[in-house]
1. Between Gly100, Gly74, Gly81, which is modelled with pLDDT under 80 and of a type outside the set (A, V, I, L, M, F, W, C)?
2. Could you check segment 98-119 and list, in sequence order, the residues that are surrounded by 11 or more Cβ atoms within 10 Å (Cβ to Cβ) and touching a residue at least 40 places away in the same chain (Cβ under 8 Å)?
3. Return the total of residues in segment 340-369 being within 24 Å of Ser406 (Cβ to Cβ) and surrounded by 18 or more Cβ atoms within 10 Å (Cβ to Cβ).
4. Being open to solvent by 90 Å² or more (accessible area, probe 1.4 Å) and in a strand (DSSP E or B) is the filter; apply it to segment 311-337 and report the residue that is nearest to Asn247 (Cα to Cα).
5. Quick one: count up the residues across segment 390-407 that are out of contact with any His (no Cβ under 9 Å at 6 or more places or on another chain) and open to solvent by 70 Å² or more (accessible area, probe 1.4 Å).
6. Do we have any residue at all in segment 79-91 that's surrounded by 15 or more Cβ atoms within 10 Å (Cβ to Cβ), of a type in the set (Ser, Thr, Tyr) and within 25 Å of Lys210 (Cβ to Cβ)?
7. Can you pull out the residues in segment 164-195 that are assigned to a strand (DSSP E or B), surrounded by 14 or more Cβ atoms within 10 Å (Cβ to Cβ) and among the β-branched types (Val, Ile, Thr)?
8. Which condition does Asp36 not pass, out of (1) more than 25 Å from Leu104 (Cα to Cα); (2) at pLDDT below 85; (3) not basic (Lys, Arg), if it passes all the others?
Amino acid sequence: MKNWIEKYDVPAKALAVLIAVVLWLYVVNFVNTDMDMSFRNLSPSFTGSEELLSTHNLAVSDLDEIEVDVVISGARRDLIGLGKDDIQVTVDISKITEPGEYRLPYTVKLNFDGGKVTRKSPNELTVKLDRVTTATVPVRIKLAGEVEKGFMTDEMIATPSSLTVVGLEDAVSKISYAQAKITKKTINASVDESVAYEFYDDKDNLIDDKNIRADYSSIRVSIPVLKLIELPLAIDFVEGGGALLKNVNYELEPESIRVAVDSTKAVDSQPVKIGVVDLSKLSDSGQVSFQITLPEGYKNVSGETSVVADIEISGLEKQRVTTNAIEIINIPSGYVIEPITNQLAVTLRGAESAIKKVTVDNVRAVVDLESTILTPGQHTMTAKIVVDGVDGVGAIGEYKVVVRVSK
């Protein structure tokens, strides 16, 4: 250890450091040398600003541009460690009553003893005062990102849809809208989140003014993202009039439509039924139109609103018979029903082998009055055509009879 101390001359070096410190303390505390210190970009405070706002609805604009440079002279020991917080720049605006640009004097006060201001720049400050105003601006949503192939966005909703902003008239008047931005690289699922917003003018330039205030600090953005699918269409048939499902072929135009739906509800393989055809009311092959009504949650993207079904009925024959067998059943107690219609011409349909077996004695028209509210007088009633004794044969169309009701 002794050798190391001697080798590096530690005592001599320590003594040199100690002497230097003592000399510095002596110079600072006992040698009364003066010095100058410069301070740049000092921000002033404004006397009377609160009263000016409450009384005349005025406030200082362009605060960031109002700055003062000062030079302070004093003893070195007084100025060492001095900072901007020790200097107070004040402008009196309490006498102003109208908006405009004013050249005003200012004062510089030092919050310590032993120094004085020897220079300040500028000599006067240019202060602009503007009216404080409010405005309501709409909220727009910007979606930054690519919607994945096979998906689409639905109507985007911002909550709130508008903002009430408060600020200096010059700044507020430039605001055209507030923009809430959703940033995602790839979009394939619905968005529901709160985001910050920014103000823009009518030329889509950003307005960066920290003095503008609004009634909401963030915007709730909801963007439904839907999956695009090809949805098959279909129709149902009710057997009747001698026609069975095996006797029917049909084609739809269009056979499918392009729709958008929440991905959790999208089922590509299941057709949507758009209508029902009662075969007893369809006498021949032909076309039937249907309006497209989609299940809840489905959005029609391709735009077709109707479908034409080209229906072909095959393997059946027709026969026309006239029957006078008209029956009225389930007549309410106390009523007398008298048929005025004496006979009906009925068109029958069925397989050729079955049609050949039908005679007029097999056919009757039945009027069922169950659940019918009767009033005296003549009324038209619906009749059901019954073919007795022959399977696979039925009547086509609707049949009416006129009856007289009395009590």
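The values are calculated or read from the model by the stated rules, or taken from the named source; none is laboratory data. For clarity, every value in this text was computed on a predicted model and none was experimentally measured. Cβ coordinates were reconstructed from backbone atoms using ideal geometry, including for glycine residues, and neighbour counts include every protein chain displayed. What goes into the accessible areas is simple: the full protein's heavy atoms, side chains included, and nothing from ligands, DNA or RNA. Shrake-Rupley method; radii C 1.70, N 1.55, O 1.52, S 1.80 Å.
1. Checking each option against the conditions leaves just Gly81.
2. Matches in segment 98-119: Pro99, Tyr106, Val108, Gly114, Gly115, Val117, Thr118, Arg119.
3. Matching residues across segment 340-369 total 4.
4. Glu312
5. Of the residues in segment 390-407, 4 are out of contact with any His (no Cβ under 9 Å at 6 or more places or on another chain) and open to solvent by 70 Å² or more (accessible area, probe 1.4 Å).
6. Looking for residues that are surrounded by 15 or more Cβ atoms within 10 Å (Cβ to Cβ), of a type in the set (Ser, Thr, Tyr) and within 25 Å of Lys210 (Cβ to Cβ), one finds none in segment 79-91, hence no.
7. Within segment 164-195, Val165, Val166, Ile182, Ile187, Val191, Val195 meet the criteria.
8. The one condition Asp36 does not meet is (2).
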